[in-house]
Amino acid sequence: MQINLQTTFNDGTQKVITAGAADLVAFEREYDLSVAKLQSEVKLTHLLYIAWHSESRNKSTTLKFDAWTNEIAAIEATEAKK
């Protein structure tokens with residue numbers, strides 16, 4: 001299971017962040033919300049957390065969640081990695 005998140009940073013760079021099972025489990029634990037409910041109850045915070053967790057787990061960022069969100073201009077789910 002994967003979710004791809006098209007992420008635009010404040011400097012204009014874009015990146016598709018792929019979140020895997022470990023990131024989705026961490027999300028469910030953090031928010032006590034099933035990933036299956038994301039489609040009907042999606043919140044920006046949820047998408048950002050999943051993307052941040054993936055970036056943090058993959059050592060693409062050392063920033064804490066709140067600091068990392070300050071770097072993000074936009075985020076949205078996308079079908080496939082570009």
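The values are calculated or read from the model by the stated rules, or taken from the named source; none is laboratory data. Quantities reported herein were computed from a predicted structural model and do not represent experimental measurements. Here Cβ is always computed from backbone atoms with ideal geometry, including for glycine, and neighbour counts include all displayed protein chains. SASA here: full protein model, heavy atoms, side chains in, ligands and nucleic acids out. Shrake-Rupley method; radii C 1.70, N 1.55, O 1.52, S 1.80 Å.
Quick notes
- Cα-based convex hull, the chain, per residue volume (Å³, whole number): 89 Å³
- Compared with the dominant principal axis of the Cα atoms in the chain, helix 21-31 is inclined by about 80°.
- Relative contact order %, the chain, counting alpha carbon pairs below 8 Å whose residues are six or more apart: 44 percent
- Helix axis angle, 44-57 relative to the chain longest principal axis, alpha carbon, degrees: 70 degrees
- Residue-level accessible surface for Glu30, protein heavy atoms, 1.4 Å, Å²: 110 Å²
- Probe 1.4 Å, all protein chains present, accessible-area order of Phe27, Phe9, largest first: Phe9, Phe27
- Approximating the spin labels as points 7 Å out from Cα along Cα→Cβ, the Ile72-to-Ser34 distance works out to 2.4 nm.
- With protein chains left intact and a 1.4 Å probe, residues in the chain average 64 Å² of accessible area per residue.
- The apolar share of the surface of the chain, taken as the fraction of accessible area on carbon and sulfur atoms (1.4 Å probe, ligands and nucleic acids excluded), comes to 47 percent.
- Trypsin sites (Lys or Arg not before Pro) lying in DSSP loop within the stretch 1-46, provided at most 14 other Cβ fall within 10 Å: Lys43
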